[in-house]
Structure formats: C-alpha cells, structure tokens
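Colleague: Starting off with a structure, shown below.
Coordinate-derived values only; no laboratory data. Owing to the predicted nature of the structure, the values given are computational and were not obtained by experimental measurement. Here the Cβ is made from the backbone with ideal geometry for all residues, glycine too, and neighbour counts use every protein chain on show.
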Amino acid sequence: MTSIGTIIKEIIIPHRKGNIRLNPEFVVLEDAQIQGFLLGTDYQRMCGIDIYNSKNRHITIGTNKDKKFSLEIYQISTQDPMEKLLNEFREGQFSTNLTSKQKLSLLKMLRRNRPEFAIGEEPLGKIKVHDIELYLDAERPYPPMLRRPPYPESLETRKEIEKHINEILGMDSIRKIGHTEIVEITIPVLITWHDGKSRFCGDFRALNNYTKADRYPLPRIPHAIDKLAKAKYVNKMDCMRGFHNNVVKPNSMKLLRIICQMGIYEYTRMPFGIKNAPAHFQRMIDTIFQEEILEGWMVVYIDDIIIYSETWEDHVQYIENVLSKCIPINLKISLKKFSFDQQELLALGHKVSGLSIAIEQNKVSAVLQKPVPRNIKEMQSFLGFVSYYRNHIKHFSHIASSLYRLCSKDVVFEITKERRDSYERIKHELKNAPVCTFPDFELPFKLYIDASCSQGLGADLHQRQIVYGEPREGVICYISRQLKYSEARYGATQTECPCLVWAL
C-alpha cells in the first residue's frame, strides 16, 4: 500500500448518554481495503475511554471525569494471514506440494496484483489499443447468405437464448440495435448442448467465408510443450473469456450483428466463432509478452499462458512480471482456471510434468465412448482428433490407413471389418498410450526404425535417463507415415535406407 496524502476528518462516536467528537488525522492509502479504523491510547485517554481495566471498563462524557458510564467491549477474533488469503483466492488451484512459506509468498504476490484477476461475477477486462477489425471480400449489397432470418426456435431454446442474451448484455459485450439504424448483415444464433448445459453462439459460417483471412501463425503445440522439459514449477493462466476482452472497431461492429426472436444485437467485443479471432488474439499476446517469450520461461497458445521455471524465487517473480503487464492494458485473468505451481499440469490436451508428457485422458474419454462414425464428416473429425496424439501411438499411419482411404474421393463410405478393427485398435492405443519422456540433449539417443512394404515407415526415438535415481529407457516419441507411390515398389532392404534418412 502507498500513502498519497493525509486528511483531517471529524468522527462522531455515538453513545446513549452523549456523543464523542474527534478530529483525527488520517493517512490516505492507494488501493487500500479498510472496513474500520483503530484509535490509539492517546485518543482514548483524551476522551476518557478505559478499555484496559478489566474489572470496570468505562467511558466519560465531556469534562466530567468523575461520572463514568459502562462500556461494552466486543471480542475481536484474529484470522491467520494464510487463511485469509486462501479464502480470498479460494477459486484458484493450489498445489499441495508447496510449503507454507512458499504458499504465503505466492498469495502475498497475488494480493498485490489483485486487480488483475476476475473473481466471481466481476466485469470482464477491456484490452486497450489492440482493437480488432474485419475485412470482407464481398461488396454492397451483401449476398443473401449474410442477410439471414432467425432460425426457428422451440420454447426451451427461446428461453436459453433470452438467458444468454441478458448475460452477454450484462458483460457489455453486445448492444441492441435501435429502430432507426440501417441493418445490412444479420447472423442467426444457435444453441448447442454439452453435458446438460446450453451454449450460445452466432452462426458465423457464411461471414467467415467472406472474411479475408489473417495468416498470422499459431505456435506448434509439440514445440510449445517441449519447452516445459526439466521445469520444476509450472503455472497456467487463462484469460477470462478470451476473445471477449478484445474491443471491435466501430466500422466492424455492423458486420457482427446477430438476430433472434428478441431482436437484432451487435457485438461490441470479439465473439467466439469468428475466423480471424485466434490469429488476432495470438498476435496481440505475442506483442504484449514478446520479451518474456524470448527469455524462454513463458509459452503462449492463444489465451493459454504457461509459466515455467526451475527455482521458486524465479517462478514467483515471473508470475508477477506477467500480471504487472496485464494490469495496464486491462487484460483479466480467470482465477478459476489459474493453476498455481503444480508439478503436473493439464495443458493443451496433455498431462505435463518436468520429466514426462502423457495424454490427458479426460480429453479422450468422450471420443472413446462414441460409436463408429456414420459418415465422412464424422470420420474426418475422429481422425483429426486422434492425429493430434499420433506421436504417442506406434505405427499410427499404418493403423489408420484404411480409415484415411475411406475419406478419399470416389470411395463409397462403408465400414468393413478391417475398418472397424482399425477404429477399435486406434481407440485401444489411445487409451493405453505410453507416457513419453522429454529429451535430454546432453545424453545419447536410440533410434529404432521399422520399414515395411505393407505397413509403411515407422520410427521410435528412445533415451536412457536417470529418473528418481534409477536408469530407465523411455520413449520420447513415435513417428510414422505411409509409403509414397514410387517407394511402394522398393524391396524390404531398399526401404530401410529411406526410412533411416526420413527418421533422422
């Protein structure tokens, strides 16, 4: 807390026999949260207040010091500083591996940066400077696909839309279009359901088709995860409602108008589902935290911020550095999704520690329970998901080859026994995928290759490391691919050399 000046203020202490008037001098503190004040013993003696005589506590009024009135004393309970801070940041996730001293220093640092966190129903942040602008390939008058009426709504859907509209209005993310405003684009809204909860979004598919693409690259997730190797402390932050922190420029708001039975509304902040939203947000975060990313202790993937370090002191300082940069631009961090210094972290679909990386089974459990895909779209969705974890599945390309061929042009969609077996085997491998280790570039590697005319090319990268005092050989990753048309003519021995070159 910082003093910004002093002020003399009259205080009246009420009493049934008369009031006590004081004129104490107060020190004004910046960002202080004080719900009461303390009177020193000098003021108490001057006003005839005696709270130290346990047998006859009393108060006198005016100049008559002989006439004493009884004074009720209330017991003030003290609260442990740790307990108080834990209660204030109870929405966060704290590692049980932290010592009391570490946890207290972390909480004090978070308390200093309290304005940065969005706790409970607090308003969203409103990022300064980085306003977003959309550019369309279409000219006026806009095509009919951008001028759609609202979708038919059931009574239940209408209630959910009304609930979400009122919620977003309360967050100052949309505004209702006035009856005198000209409307050229209207996007119908959708309600989807997940785990019994409704989700609200605009159907921006047509708008995205006419939006000029922003080609700013997103980080490669495997490269981002590899940076966490040997990290002793790992910490993940999540921007509160991500894209909603970005303000839309006035000339682009008219492109983000949604329509429902309640009327037409205009987004004043970036909604989810917009084509260039991830690229814009990634560029903004990369610009804000350019120095931290280059220093090598921070990884950012869109609205996920990961901080890692080898020492506790550095870790606390790194967190404070990030928070101190968020405050001036008004970027809010979600406390509910803020995991504090956990040696194992769930991030980007993986379970990561300083020694290993595994598949986050909570992410794949829903996919494992789904039946066999019924059409090409469902099959492409399944293959896209499992391909994300292909480095954990040995001979993935060979196992999934029949399913990929099914998605080719001029191929009749039919689930044969071979394809069903491939589908079930991928699910089994995904469920029982090994825990991969991070590479140590100061130690030698072992590369195992497997070239087959029928199965394609495959390679396993292994390394022998000291884990908890014992030498162990672990898998670092698996890679695989199908043979090219010309390579399919090679013999078994001729395939080994291209496989080795490709693997290296």
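Colleague: Within a Cβ distance under 15 Å of Ile302, other residues only, what is the Lys/Arg minus Asp/Glu net charge?
Modeller: +1
Colleague: Could you give the distance between the Cα centres of the range 240-288 and the range 129-164, to the whole Å?
Modeller: 12 Å
Colleague: Which value does Rg/Rh take for the range 237-342 over its C-alpha atoms, Rh per Kirkwood?
Modeller: Over the Cα atoms of the range 237-342, Rg/Rh equals 1.06.
Colleague: Taking the Cα centre of the chain as the origin and placing charges on Cβ (Lys, Arg +1; Asp, Glu -1), which of Cys326, Tyr142, Cys407 is farthest toward the positive end of the dipole?
Modeller: Farthest towards the positive pole: Tyr142.
Colleague: Can you tell me, using C-alpha contacts under 8 Å and at least 6 residues apart, the relative contact order of the chain as a whole percent?
Modeller: Normalised by residue count, the contact order of the chain is 13 percent.
Colleague: Between Lys197 and Lys446, what length in nm is gained on full extension when 0.36 nm per residue of separation is reduced by their alpha carbon distance?
Modeller: Computed gain between Lys197 and Lys446 is 84.8 nm.
Colleague: Could you order peptides 214-220, 147-153, 258-264 by the average number of other Cβ atoms within 10 Å of their residues, highest first?
Modeller: Listed from highest to lowest mean packing, they are 258-264, 147-153, 214-220.
Colleague: Any chance you could list the semi-axes, whole Å, largest first, of the equivalent ellipsoid that the Cα gyration tensor gives for the range 144-354, using √(5λ)?
Modeller: 37, 18, 16
Colleague: Sticking with this structure for a sec: Using modelled amide H (1.01 Å from N, peptide plane; none on Pro or chain starts), what sits under 5 Å from the amide H of Val475, excluding residues fewer than 5 places away?
Modeller: Counting only residues 5 or more places away or on other chains, the set is Thr437.
Colleague: May I ask you to compute the full-extension gain from Glu167 to His462, defined as 0.36 nm times their residue separation minus their alpha-carbon distance, rounded to one decimal in nm?
Modeller: 101.1 nm
Colleague: So, one more: Which order do the peptides 461-471, 329-339 come out in when sorted by mean C-beta neighbours inside 10 angstrom, highest first?
Modeller: Descending mean neighbour count gives 329-339, 461-471.
Colleague: Under 18 Å from the Cα of Lys101, which aspartates and glutamates turn up, not counting those fewer than eight places away in the same chain?
Modeller: Answer for Lys101, where 18 Å is the Cα cut-off: Asp80, Glu83, Glu88, Glu310, Glu313, Asp314, Glu320, Asp341, listed by chain and number.
Colleague: If you average the alpha carbon positions of the range 478-504 and of the range 205-234, how far apart do those two centres end up, in angstrom?
Modeller: 31 Å
Colleague: Show me the ranking of peptides 280-293, 130-143, 229-242 by mean Cβ neighbours inside 10 Å, starting with the highest.
Modeller: The peptides rank, most packed first, as 229-242, 280-293, 130-143.
Colleague: Of the listed pairs Lys232/Lys427; Lys232/Lys337; Lys84/Lys227; Lys126/Lys363, which have alpha-carbon separations greater than 24 Å here?
Modeller: Lys232/Lys427; Lys84/Lys227; Lys126/Lys363
Colleague: Would you compute, from DSSP H runs of 4+ residues alone, the mean residue ellipticity of the chain at 222 nm, taking -39500 (n - 2.57) per run and dividing by the full residue count, rounded to the nearest 500?
Modeller: Result for the chain, helices only: -9000 deg cm²/dmol.
Colleague: Would you kindly derive the ³J(HN,Hα) couplings of the range 457-470 from the backbone phi angles with the Karplus curve 6.51 cos²θ - 1.76 cosθ + 1.60 (θ = phi - 60°), listing them in order in whole Hz, with x for Gly and Pro?
Modeller: Per residue, the Karplus-derived 3J(HN,Hα) values read 9, x, 8, 10, 9, 10, 7, 9, 10, 8, 10, 6, x, 10 Hz.
Colleague: A further question follows. At 10 °C and 1.306 mPa s, grab the translational diffusion coefficient of the range 159-226 from Stokes-Einstein with a Kirkwood Rh over Cα pairs, rounded to a whole number in µm² per second.
Modeller: In µm²/s, the coefficient rounds to 102.
Colleague: Within the range 243-266, whose backbone N sits under 19 Å from a point 7 Å along Cα→Cβ of Tyr135?
Modeller: What the label zone holds, given the 19 Å backbone N cut-off, is 248-256.
Colleague: Under the √(5λ) rule applied to the eigenvalues of the Cα gyration tensor, what semi-axes describe the equivalent ellipsoid of the chain? Give them in Å, descending.
Modeller: 57, 35, 20
Colleague: Please state the charge dipole magnitude for the chain, taken about the Cα centre, from unit charges on C-beta atoms (+1 on K and R, -1 on D and E), reported in debye and rounded to the nearest 20.
Modeller: Dipole size: approximately 1060 debye.
Colleague: When a footprinting reagent is the concern and you count Cβ atoms within 10 Å, what order do Ile191, Ile221 take, fewest first?
Modeller: Ile221, Ile191
Colleague: Between Glu313 and Ser408, what length in nm is gained on full extension when 0.36 nm per residue of separation is reduced by their alpha carbon distance?
Modeller: Gain on stretching Glu313 to Ser408: 28.8 nm.
Colleague: Here is a follow-up. Counting pairs of alpha carbon atoms under 8 Å apart in space and at least six apart in sequence, what relative contact order in percent does the range 357-431 give?
Modeller: With pairs under 8 Å counted, the relative contact order is 39 percent.
Colleague: Roughly how many nanometres apart are two label points built 7 Å out from the Cα toward the Cβ at Leu155 and Glu10?
Modeller: Rounded to a tenth, the inter-label distance reads 6.3 nm.
Colleague: Enumerate the whole-percent occupancy of each 5 Å bin, from 0 to the last occupied one, for all C-alpha pair distances of the range 306-444.
Modeller: Binned Cα distances yield the sequence 2, 8, 15, 15, 13, 11, 10, 9, 8, 6, 3, 1, 0.
Colleague: Enumerate the amide H contacts of Ile359 below 5 Å, restricted to partners 5 or more residues apart or on another chain; note that Pro and chain-start residues carry no placed amide H.
Modeller: Residues meeting the criterion, in which the H sits 1.01 Å from N, are Lys351.
Colleague: Local charge sum around Ser422 (other residues, Cβ-Cβ under 11 Å, Lys/Arg +1, Asp/Glu -1)?
Modeller: +2
Colleague: Further question: How much FRET efficiency would the formula 1/(1 + (r/R0)^6) give for Lys68 and Met109, where r is the Cβ-Cβ distance and R0 is 41 Å, rounded to 0.05?
Modeller: 0.25
Colleague: Next question, about the same structure. Order of Cys407, Cys326, Cys477 from fewest to most other C-beta atoms within 10 Å?
Modeller: Cys407, Cys477, Cys326
Colleague: Counting only other residues whose beta carbon sits under 15 Å from that of Glu156, what net charge do I get with K and R as +1, D and E as -1?
Modeller: +2
Colleague: Rounded to the nearest angstrom and ordered from largest down, what semi-axes does the equivalent ellipsoid of the range 388-479 get from its C-alpha gyration tensor (root of 5λ)?
Modeller: After scaling each eigenvalue by five and taking roots: 33, 14, 9 Å.
Colleague: So which aspartates and glutamates pass the test for Lys275, namely a Cα distance under 15 Å, with those fewer than 8 places away in the same chain ruled out?
Modeller: Output for Lys275: Glu133, Asp137, Asp203, Asp214.
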